[in-house]
Structures are given as C-alpha cells and as structure tokens.
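To start, the structure under review is shown below, and the notes come after it.
Taken together, the values in this text are just the output of simple stated rules run on the coordinates, not laboratory data. In this text the structure is predicted, and so the values were computed from the model without any measurement. Virtual Cβ from ideal backbone geometry, glycine too; neighbours counted across all protein chains shown.
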Amino acid sequence: MFREPVEFSLNAAEKLNDTLNAFLQIDREGALRRADELEGSTRGSLSGLPVAIKDNICVKGLQTSCGSKILGAYHPPYNATVIERLYNAGAVIIGKTNCDEFAMGSSNENSAFGPVRNPWDTSKVPGGSSGGSAAAVASGIVPVALGSDTGGSVRQPASLCGVLGLKPTYGRNSRYGLVAFASSLDQVGIFARKAEDVAQVLSVIAGRDPHDATTADVPVPDYKKALSGDLKGARIGFPSALFGKGLDSEVAAAVKEVVEVYKELGVEIVEVELAHASYAIAVYYIIATAEASSNLARFDGVRYGFRAEDAAELRQMYRKTREEGFGPEVKRRIMLGTYVLSAGYYDAYYRKAQQVRTLIKNDFTTAFKQCDAIITPTAPTPAFALGEKVDDPLAMYLNDIYTVTANLAGIPGLSVPCGLSSGRLPIGFQLLGPYWSEPTLLKMASEYERVRPFTERPKINAEES
Amino acid sequence: MPISENDIAKVAQLAHLELPDDELKVFVPQITEIVSYVEQLNALDTHGVEPALGGLTPDGEKTDSSRADEVQACLGQRTALAEAPAAAEGHFRVPKVLT
C-alpha cells in the first residue's frame, strides 16, 4: 500500500533529474525499505507520504552538502528535529534537493552541483535558494518538500514554480539540524500544491524543541481544522505603495485580480502603509551577511568536509580550504559580513541595520491593528532566464524585495499561485500575517484555492514522464 | 565610502579567505556597489530607536529555554571523528600550528 506512491516518486525523481537537476541524492533503497516497514505499523498522519528535503537539513544516513563543495558528501550523524517529527508521523524521505550554496541565492545558480531548471520552462531559473524542493513539488515528483527561508528562499521559488510555499513565524519550527546561514532569520518552510498539505505537515513539524532555544512555547493547533469556514468579516491590507516601480505589469495585474476575488469572498480590503519596506533589502544584506560570516566560520577543514591539500601550516590550511571550498556568492557574503562587523564600521552598518529592523517590525505591528493579513506579490517578476543576473549580485538581491520583510520582522508569509503570465510562467501572491497567524493565512489560501483552483501543470511533470 | 583593493584584501584576511588577484578585482566593484546601496540607511533618522536583537517574537522572548542540568547521550569519539578529513589516534589532525 505504501510502496506504490513512494515508487512513483522515486521513478519520477530518477527520470526527471537529467532535465531538472532537482535532486542531489535519491534514496531508492532507504525509501522503499521505509515504505515496507510502515506496512502493519500504527498509522501516522503522514504515513507513506513521499517527501523531498532541501540539502541543508540533516537526515541521518543521507548526505548534507548545502549545495557546497566544502561539505560535499558530508553525512550528518543525527536527524534534524523536523526530520524526526516527519519520521514519527510516517513520512518517507525520497531524497535531498539541490539548492543555492548555503541557501545563498535567488536562482539556484549558486549550487556547486549545477543549477536546477524550472519545470515550466527549462531555460528559466526555478528561483532560490530552495529551487530543487520547489521544482520537485511543481513537477509532481513529490506532493510535499521542505526548504529553508532566510529572506524568501521558500516563498520566491514557490512563486516562480507555481506551488504554495510557507515561511512560518520565527520560532514556530525547530532549526536544530538546519545548517545555519543567518540564525535570526532562518526558518524551515514547506512546499506543497494544496493548502491542506501545507497545514498537515506544519501540524507535524511545528512546536517547541529543547534543542533549539529560539523555538517558542506556543501551542500548535491542528492547522488542517483551521482551513474550514468562510472569510466574511476578515480584513486584508493592501500596501498600494508596493505595487509601483520595478513590479512587472502582469504580476501587478494578477495580484490585483486576487484582491477582487477576496472581495467577492466577503473580505474587506483596507489600505495599509509599510513605510520602511523600501529599506528592507539594505537591512537584510547587512544582518544576513553579518550572521553568515560568523556561522560559516566553522567550515575550516578540521572536523568535517573538504580540506585543501599542501598547506604548510594551520592558518594557511584554513584560508586555502575556504578559498577552494566556497563558491563566489558565499565568499562575497562572508566578505560583506566581515566588512560590516569590522572595527570602526559596526555602528555605522550593523547597529544601524538593527535599528531599521525595529522600524520595519513596528510598521507591521501598526498595520496589523487594521487588518488580519497583508497581500503583496511574492516576486517582482515571473521566472527569469538562467544566466540573466549572475554577474549582477545587487539585481539578484532585489528579487527578494517583497519577501525579506517577513524574515526581518519574524512574521509568517505564504506564497500562493494565482495564474500564468503570457509566457506561461507562474505568478504568485504573498500573504503576510501577525505572529502565529498561520491558521489565518492557510485558511485564506485554501478559500482562494476553492474558488480559483490552480490546475495548470508544467511542461516537465511526473504524470507525463 | 570608497573601497580599495587593500580594504578587500584586509577583509579577506579577517575572513580566512585566500583570494587570488583575479577574484579580488571582481569583488572590489561588486562589494563597493552593495555597500553604497546599503548606505541608503544613513538617510533615515534612527536617533533613539532601540536596535532589534535577534529574531525572537514576544512569545519567544518569554519562553524559558533552560532545562535540567543532566548528562545526556553524546556522539562519542568514533562518530565525532567519522567525517573528519584527517583523523588520527582519536584526534583531529591539523598542519603545524607554530611555524
């Protein structure tokens, strides 16, 4: 009974990987063994569900490369807490998905193992950094995948690939076993094609973990139960200032159409202002790189992973290992983070950024006095071409303009597909809510899905393979 | 603020990166552009604004993360050394420290 869906996922993953490069490891043997073990055992809420895991989340027995040469085929000796919880609920992990190196990127082109391709158009990027997970769900290889979201790394690829992507409230999910990029922003997120699946997986993985002191002691509701009921009397904030310069006209039109759908569902639309949103990218690239420069100091060729050869002494070994092991974007961010934290610059950059982070948090607190959620586009454009932005880091960073604010403020964000562009590329809208408002966001997504089901399938998909 | 090749070379040293000249030359204009972009924050008056520390929500801040001081199972020497590029005699082996 459990073998069939697992075999379907494994076959599709193997068949489509030459085209998509979505998986860095496919665990046929382990997944089938696990499916067989589930027969006759007590049924969990996810029994037999095939799941793909981003390659920066530790799964015992499988590799964790983080898309980096410096870790390569590193095999962690323990499971991340979210993985333990998936296993306890009966999920079957079929493999590890490709991603930008250490989750740094918006196109998946920063993977040391080659870019992932968008299943809607293989000349386009899938988004990043969790591009492999997004492509695996969009192409129907798996119904659900986990990723990580530091500045939009779940929501942006979800939008570019036409699936749902949730970044929960900071502290909702454990980060134990998620390889750290920027600890005050990182959160494990969920990809799925239906709001119901996101809800079900969140109910399993969420909650306090003694191994992660930043998980909050806040009860975990049954998120699936929260999906029922209508939206009459609900209020959605519309930040019209964010629908201007730099936003693709087709994306703007699609998201405004979603607003009309919500009005028909009885939602009241209120104008809100997020006065400091335009500073979010600047704040993000100071805080995220500062934290990354510290977190990535541990990759030094001593305890695990790659070590450069022919170093005469210890410090030279560190420098050569890191120079040869890290890719250009990771080095750029480590350098930037080291620069903003260095003596004499700390107050001018890091302290200033943390102050503006407070202002961004306050903007949301004020806005959520008037509404239950805020709607924005998820990404400013549909998927762009491979290679289009690789030489222009700043242009690449601006892709996250709508998503980074949620990480800075710690609030949840959910990307939902809402149609295709004239070039047949998916467009997504984003719902942002107050802390712990995942039930509201999922219900809003589920109601939208009910009246405007997204039934289009990408060119590259498992059903037709 | 203008950023020179020397500045970048110094940062690379602090970050334990041995950047070859060609990479250094690519990074200088890129990091200059990003730093001048983030300097737009200077236009904001943040006098008296408390800096945010970490990403915790108010509920997260209230959460007591202490636990009983009890010995728990650990990896053990063999597992801890299993992924090391050069383990020897129960230790991590590294090149000469003092030269």
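What the table below lists for this structure:
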read-out	value
Among (1) surrounded by fewer than 24 Cβ atoms within 10 Å (Cβ to Cβ); (2) assigned to a helix (DSSP H, G or I); (3) under 21 Å from the mean Cα position of the chain (by Cα), the one test that A:Q355 misses	(3)
Flag for A:D209 being closer than 26 Å to B:K62 by Cβ, surrounded by 14 or more Cβ atoms within 10 Å (Cβ to Cβ) and acidic (D, E)	yes
Close pairs (7 angstrom Cβ cut-off, 6 or more residues apart or separate chains): more than 7 Å from chain A (Cβ to nearest Cβ) in the range B:10-36, assigned to a helix (DSSP H, G or I) anywhere	B:L24/B:E5; B:L24/B:I8; B:L24/B:A9; B:V28/B:E5; B:V28/B:I8
Matching residues in the range B:56-72 - criterion: being of a type in the set (A, V, I, L, M, F, W, C) and over 27 Å from the mean Cα position of the chain (by Cα)	B:A68, B:V71
Residue count, the range A:306-348 (criterion: part of a helix (DSSP H, G or I), of a type outside the set (D, E, K, R) and at the interface with another protein chain (Cβ under 7 Å from one of its Cβ atoms))	8
Positions within the range A:73-130 being assigned to a strand (DSSP E or B) and among the aliphatic types (A, V, I, L, M), in sequence order	A:V92, A:I93, A:I94
Helices (runs of 4 or more DSSP H) wholly inside the range A:365-465 that include at least 2 residues being touching a Lys or Arg at 6+ places or on another chain (Cβ under 6 Å)	A:393-397, A:404-409
Test: residue in the range A:8-20 that is in a loop (DSSP other than H, G, I, E, B) and either on the phi < 0 side of the Ramachandran plot or surrounded by 24 or more Cβ atoms within 10 Å (Cβ to Cβ) (or both)	no
Candidate set: the range B:76-99, residues that are in a loop (DSSP other than H, G, I, E, B) and over 14 Å from A:Y304 (Cα atoms); chosen: the one farthest from the other protein chains (Cβ to nearest Cβ)	B:E89
Close pairs from the range A:204-219: first more than 10 Å from chain B (Cβ to nearest Cβ), partner assigned to a strand (DSSP E or B), Cβ under 6 Å, at least 6 apart	A:I205/A:N173; A:A206/A:N173
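Residue-by-condition table, conditions (1) surrounded by fewer than 21 Cβ atoms within 10 Å (Cβ to Cβ); (2) more than 17 Å from the chain's Cα centre (by Cα); (3) farther than 25 Å from A:R172 by Cα:
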{"site": "A:L86", "(1), (2), (3)": "no, yes, no"}
{"site": "A:A89", "(1), (2), (3)": "yes, yes, no"}
{"site": "A:K96", "(1), (2), (3)": "no, no, no"}
{"site": "A:F102", "(1), (2), (3)": "no, no, no"}
{"site": "A:P126", "(1), (2), (3)": "no, no, yes"}
